[in-house]
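Here is the structure we will look at, set down as structure tokens.
The values are calculated or read from the model by the stated rules, or taken from the named source; none is laboratory data. All figures in this text were calculated on a predicted structure; none of them were measured in a lab. Note that each Cβ is placed from the backbone with ideal geometry, even for glycine, and that neighbours are counted across all protein chains shown.
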Amino acid sequence: MTNSCSSRRFDYLSWTKAAEAASIEGSTLIWPFGACEQHGPHLPLATDNLFAERLAIEVLERIPTSMPIWMLPSQSLGFSPEHASFSGTISLSASLLLQLVMEVGKQLGDIGLSRLLFFNAHGGQIGLLQAAARQLRLECPSMAVLPCFLWSGVSGLKNLIPVDEIERGLHAGLAETSLMIALAPELVGEERPRDGDHSSSDSKATPPPGWTLEGVAPCAWLTEELSNSGVIGDSSEANLSLGKAIQHSLTDHWAQLLMALMESNWPPTIGTR
Ligand SMILES: [Zn+2]
């Protein structure tokens, strides 16, 4: 961790500085969320956590140091029941993760924090964190809660990744493998599986016509139903230059959104109830 990012770690502040920081108008905390779950035979269990943490640091390095924004240590255990049958996956229950987020969030609201942003890299807990955010927003009316998913809405990705892989490469495929090669090549194994193609008739499992794994008519899938290797997608063409391009695309996107947030007066003030 470089000096500039350790100066952004909220838990590196003293309690007096933390009190001061939280009370600044527009004070914002980024809370990275990952998981400890299988990512095929070639990527580490901590893949999502490493993405959330490293990219949060990179994004923060783009924000002027005068702006009141810090990060929390990442939440490295998440909600991953879909990968439970693969060794090494350690999942919290939905109720435990929800309770954890609520307890931490309420304490941050109590010290006057203006905004709490979940920077989540695990697709399996998007809905849960959105529910937690809505509930927190109700209980801490002066604190904005922004439940973001790292890979959502990043328009640059469609120029980098084939549309089939964007739609069907749900896990440890081209995008995640390439990004990990760019961020931590020492953690990437030799295998490059192509697995879990749920669109073809000879695949392990195919949703009924009109139904999809994610999106408009989703099924709550389990990885073991779709894939032997744990990969859902095609990692065969993963490479460093694509990984770097994905890294820049994600960082540019989130730095731009964070700047807009920091320059705004969000959240709107709620009248006395
Ligand atoms: Zn992942």
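How many of the residues making up the stretch 190-227 are loosely packed, with under 12 Cβ neighbours inside 10 Å and modelled with pLDDT of 95 or more?
Counting residues in the stretch 190-227 that are loosely packed, with under 12 Cβ neighbours inside 10 Å and modelled with pLDDT of 95 or more gives 1.
Considering only the stretch 169-189, state which residues are assigned to a helix (DSSP H, G or I) and surrounded by 19 or more Cβ atoms within 10 Å (Cβ to Cβ).
Kept after step one, since they are assigned to a helix (DSSP H, G or I), are these residues of the stretch 169-189: 174-183, 185-187.
Hits for the stretch 169-189 are Leu174, Ala175, Glu176, Thr177, Ser178, Leu179, Met180, Ile181, Ala182, Leu183.
Which is closer than 12 Å to Thr177 by Cβ and at pLDDT 95 or above, of Leu242, Leu257, Leu261?
Leu242
Scan the stretch 37-71 for residues that are part of a strand (DSSP E or B) and farther than 20 Å from Pro147 by Cβ and jot them down.
His39, Leu43
Restricting the search to the stretch 110-122, which residues are in contact with a Ser or Thr (Cβ under 9 Å, 6 or more places away or on another chain) and within 16 Å of the ligand (Cβ to nearest atom)?
Across the stretch 110-122, the qualifying residues are Phe119, Ala121, His122.
Search the stretch 99-125 for residues that are within 18 Å of Cys36 (Cβ to Cβ) and assigned to a helix (DSSP H, G or I) and pair each with any residue that is among the β-branched types (Val, Ile, Thr) and within 16 Å of the ligand (Cβ to nearest atom) when their beta-carbon atoms are under 6 Å apart and the residues are at least 6 apart or on different chains.
Pairs found: none.
Just for the stretch 146-189: of the residues that are of a type in the set (Asp, Glu) and modelled with pLDDT under 95, which one is farthest from Asn239 (Cα to Cα)?
Glu167
Taking Asp202, is it touching a residue at least 24 places away in the same chain (Cβ under 8 Å), farther than 21 Å from Ile126 by Cα and acidic (Asp, Glu)?
No, not satisfied.
Among the numbered criteria (1) more than 16 Å from the ligand (Cβ to nearest atom); (2) touching a residue at least 24 places away in the same chain (Cβ under 8 Å), which single criterion is violated by Val216?
(2)
Would you point out the residue of the stretch 128-166, among those that are assigned to a helix (DSSP H, G or I) and within 16 Å of the ligand (Cβ to nearest atom), that is surrounded by the most Cβ atoms within 10 Å (Cβ to Cβ)?
Result: Leu129.
Restricting to the stretch 4-36, and then to whatever is assigned to a strand (DSSP E or B) and within 14 Å of the ligand (Cβ to nearest atom), can you tell me which residue is nearest to Leu129 (Cα to Cα)?
Our first condition is that a residue be assigned to a strand (DSSP E or B); within the stretch 4-36, this holds for 9, 28-33, 36.
This time we only want the ones that are within 14 Å of the ligand (Cβ to nearest atom), so: 32-33, 36.
Values: Pro32: 12, Phe33: 10, Cys36: 16 Å.
If we take residues in the stretch 4-36 being assigned to a strand (DSSP E or B) and within 14 Å of the ligand (Cβ to nearest atom), then Phe33 is nearest to Leu129 (Cα to Cα).
When the residues of the stretch 37-70 are filtered to those that are over 25 Å from Leu179 (Cα atoms) and in contact (Cβ under 8 Å) with a residue 24 or more places away in the chain, which remaining residue is nearest to the ligand (Cβ to nearest atom)?
First pass over the stretch 37-70, keeping only residues over 25 Å from Leu179 (Cα atoms): 64-69.
Imposing the further condition that a residue be in contact (Cβ under 8 Å) with a residue 24 or more places away in the chain reduces the set to 65, 67-69.
Working: Thr65: 31, Met67: 29, Pro68: 31, Ile69: 25 Å.
Filtering first and then ranking leaves Ile69.
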